[in-house]
Amino acid sequence: MNSDPRDKPNKPEFDPDLAAVRSAWEGLEQTEPPDLIDQAVLNTARRHLERPRRPLRWLGAFASAIVVVLALAIVVRQDQQGPVPPVPDSDGFRMDRDTPVPAKTKQEYEQMMQDEPRKARPELRQIAPAAASEAQPVQGKETQLRPLDAVEEDAAGPDPEAWIERMLALRAAGRLEELEAELADFRRSWPDYPLPPELLD
Amino acid sequence: MRERSDEALMQAYAGGDMAAFDCLYARHRGPLYRYILRQAGDDATANDLYQGSWEKIIRARASYTASAPFKAWMYRIAHNHVVDHFRRSRPSSDLSPETMRADDPGPEQALIGEQAACRLAAAVSALPTEQREVLLLKLEAGFDLRTIAEITGVSHETAKSRLRYAVGKLKIAVGSEQDGAES
């Protein structure tokens with residue numbers, strides 16, 4: 001193999017000592033690398049070209065596999081847990097109040113309240129046992145829990161149609177003062193409910 | 001036909017042109033080998049270091065940018081490779097007086113020219129490592145002091161000082177060589 005002619009620096013030396021050393025240096029044997037080393041280097045260079053680097057291909061496949069495994073693990077875990085149960089409120093009933101309670105359940109509940117009124121809210125006793133023990137029945141009467149229908153009626157107000165009927169009856173009876181009071185209460189409870197023309201007069 | 005620059009050849013090789021590497025290698029193999037050989041002290045170590053340096057150059061081809069001079073980049077890789085080698089194996093392979101004597105002329109090398117050459121080579125080997133490297137980068141690779149400072153990772157003044165000391169010591173050897181030739 002031939003070395004490039006530019007190997008020998010041909011710039012003029014301004015340092016006479018360096019020039020003298022360079023002159024002597026150029027008289028040294030120009031040792032070359034052995035042919036075996038040349039071939040080894042060239043083969044290495046060729047091998048690197050024949051084997052193009054693909055540094056991130058495996059990484060992409062690995063990341064995809066990890067994502068798939070994680071997704072499968074999440075799905076399997078959710079299947080094992082089953083559907084998410086409804087969140088109970090403090091009374092143990094579902095918070096979804098729009099769903100009608102089956103009549104049989106209501107009756108059972110009312111029966112249970114009548115049979116064991118003091119056991120209906122045991123957690124209250126645990127929370128405030130002193131208050132529960134100090135509570136005395138008024139005039140010897142046992143505290144009765146009201147039926148669920150009455151509780152719901154209180155919360156939403158009386159049935160508007162029945163209320164209107166009652167107000168019409170008051171009007172027919174000439175009890176106008178009571179009618180006005182009822183009408184005012186009705187409008188507070190049912191502000192948008194249409195009233196019959198008899199009551200609008 | 002206009003000669004392609006080192007930078008263009010290296011970029012062509014990085015792009016898959018093996019002929020470009022052949023040209024680049026032929027251009028730099030001699031000086032780079034001698035730069036390493038004068039520091040290694042023996043052929044076997046020099047061959048290993050030389051081959052290892054080229055392997056690093058080949059592996060680093062993708063990171064090479066044509067904005068940097070190829071020759072300085074190549075010698076910086078070789079410099080780091082040689083320094084790493086001597087750091088790992090300094091106690092056993094550092095240049096000892098025995099190693100230097102191996103470069104001394106033997107009785108069978110009777111010719112005066114060969115003796116002078118061997119004396120000069122021995123004087124180079126006897127230089128401290130840092131001075132020897134600066135001298136080799138100057139004489140073999142033809143770098144200026146600024147580039148030598150960059151390659152060896154020292155200041156310009158340090159490189160200049162090292163070269164001055166090295167030349168001063170070699171001048172004595174050259175002077176005695178010339179004296180011997182005259183007598």
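Below, the figures for the structure above:
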| item | result |
| --- | --- |
| A:Glu178 paired with B:Ala68, simple spin-label distance in nm, labels 7 Å along Cα-to-beta-carbon | 10.3 |
| Cβ-based exposure ranking for B:Tyr75, B:Tyr25, in which fewest neighbours within 10 Å come first | B:Tyr25, B:Tyr75 |
| Cα Rg, Dmax (largest Cα-Cα span) when computed across the stretch B:1-94, Å | 14.2, 51 |
| Residue-span extension gain [B:Ser89 to B:Thr158] - 0.36 nm each, minus C-alpha spacing | 22.3 nm |
| Sorted by Cβ neighbour density within 10 Å, fewest at the top, the residues B:Lys171, B:Lys138 | B:Lys171, B:Lys138 |
| Pairwise FRET efficiency - A:Gln111 versus A:Trp190, Cβ, R0 = 41 Å, nearest 0.05 | 0.80 |
| Burial order of peptide ranges B:156-163, A:39-46 (average beta-carbon count within 10 Å, highest first) | B:156-163, A:39-46 |
| Theoretical FRET efficiency, 1/(1+(r/R0)^6), r = Cβ-Cβ of A:Trp58 and A:Ser23, R0 51 Å, to 0.05 | 0.35 |
| Contact order relative to length of the stretch B:1-94, as percent, for alpha carbon pairs under 8 angstrom and 6 or more apart | 31 |
| Inter-chain Cβ neighbour average for residues B:16-28, partner chain, 10 Å | 4 |
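Values quoted throughout were computed directly from the atomic coordinates according to the rules given, and no laboratory measurement underlies them. In this text the structure is predicted, and so the values were computed from the model without any measurement. In this analysis, Cβ positions are derived from the backbone assuming ideal geometry, glycine residues included, and neighbour counts consider all displayed protein chains.
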